[in-house]
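**Student:** Got a structure here, written out as structure tokens. Questions coming.
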Amino acid sequence: MFSIIIPTLNNLEYLKICVKSIKKNSKYNHEILVHSNNSNDGTSEFLKSENIKEIKSQKNLGLCTALNELSKHAKNDYLLFIHDDMYICPGWDEVLDKEIKSYDHNNFYLAGAMIQKINGHINFNFGDTYKNFNEDKLLELYSTFFLNDIQGADKNPSIVHRELWNKVNGMSEEFNPGDASDPDFVLKLWNQNVRIFKVLSKFRVYHFGSLTTRKKVDIKLNNGSKTFLKKWGITYKFFRKHYLNYLNTYDGPLKEPKKGLMYFFDLFLCKLKLFKEIIINK
């Protein structure tokens with residue numbers, strides 16, 4: 001049904017949990033593809049044992065390039081991007097299938113609701129690491145948390161039709177290894193007149209949280225906020241606030257932003273910040 005694309009970098013124990021959750025908690029059959037950024041922890045052997053296609057690079061290409069490479073090998077119309085440190089809860093693909101079938105077009109960007117220890121759509125700790133992950137407790141409680149559908153999706157897990165992906169040329173590789181690449185992708189979709197950016201409250205995942213960048217690996221993090229500002233002339237916080245109606249209850253397709261006093265004041269602050277970056281910090 002969906003092509004699930006997963007980039008990974010020496011994160012085998014979490015990748016095992018992720019793959020297990022997909023196979024265990026899916027109603028339909030899905031294609032799973034993994035891009036291994038020069039992993040040397042047994043990832044290749046595991047994927048071979050699970051009959052999962054691996055696209056492997058000899059060096060760390062970064063998240064954006066990995067996703068672009070994976071998309072070239074995907075066979076299905078819908079591309080679902082998830083992180084290797086996510087556990088997909090039961091019912092997820094039925095929720096997505098029902099939502100997708102409710103539209104008579106493909107002009108939408110849908111995302112799942114994240115359960116995390118902190119800073120999630122739902123905050124609850126089912127384990128900080130694979131060693132203390134309490135899967136049984138998660139499966140007992142995940143569906144009991146109240147949550148409405150949410151406006152302004154710009155994070156993963158997310159799904160988009162291949163036509164839209166190709167129309168915006170996938171992920172912008174200037175954002176490698178990945179910071180701020182998601183809001184950049186969403187803004188590109190906005191410029192293609194996409195106005196449905198919806199977090200589906202019943203499509204739930206547990207996220208351990210940015211494990212690759214928390215580990216001591218050879219990754220030079222990008223300054224995504226600066227790249228975003230220089231590219232678009234606004235901050236992604238401005239975009240979320242004035243365009244995406246970020247984290248408010250979903251109330252239908254988004255409209256053009258109201259350009260009142262606060263809009264222009266915040267825009268002035270963006271331009272001031274941009275001037276500082278270009279002139280003062282060049």
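**Student:** Expressed as a whole number of Å, what is the distance separating the alpha-carbon centroids of the stretch 105-160 and the stretch 75-93?
**Tutor:** One Cα centre to the other: 12 Å.
**Student:** As a check on your grasp of the helix formula, calculate [θ] at 222 nm for the chain: sum -39500 (n - 2.57) over DSSP H runs of n ≥ 4, divide by the residue count, round to the nearest 500.
**Tutor:** Result for the chain, helices only: -9500 deg cm²/dmol.
**Student:** What length, rounded to one decimal in nm, is gained on full extension from LYS98 through to ASP266, with 0.36 nm per residue of separation minus their alpha-carbon distance?
**Tutor:** Difference between extended and current length: 56.7 nm.
**Student:** Counting only other residues whose beta carbon sits under 14 Å from that of TYR250, what net charge do I get with K and R as +1, D and E as -1?
**Tutor:** Charge balance near TYR250 sits at 0.
**Student:** Listing LEU141, LEU12 from the residue with the fewest other Cβ atoms within 10 Å to the one with the most, what is the order?
**Tutor:** Exposure proxy ranking, most exposed first: LEU141, LEU12.
**Student:** Still on this structure, I have one more. Would you mind ranking MET262, MET1 by Cβ crowding within 10 Å, fewest neighbours first?
**Tutor:** MET262, MET1
**Student:** Turning to a different aspect of this structure: Residue by residue, what Karplus-based ³J(HN,Hα) values in Hz, rounded to whole numbers, does the stretch 202-207 have, using 6.51, -1.76 and 1.60 with θ = phi - 60° and x for Gly and Pro?
**Tutor:** 9, 9, 10, 9, 9, 10
**Student:** To continue, here is another question. Note down the Stokes-Einstein diffusion coefficient of the chain in µm²/s, whole number, using a Kirkwood radius over alpha carbon pairs, 4 °C, and 1.567 mPa s.
**Tutor:** 66
**Student:** May I pose another question? Any chance you could run the full-extension gain for LYS27 through SER49? It's 0.36 nm times the residue separation minus the Cα-Cα distance, nm to one decimal.
**Tutor:** Here the answer is 5.7 nm.
Values quoted throughout were computed directly from the atomic coordinates according to the rules given, and no laboratory measurement underlies them. This is a predicted model, so every value here is computed, not measured. Cβ sites come from the backbone with ideal geometry, for glycine too, and all protein chains shown count toward neighbours.
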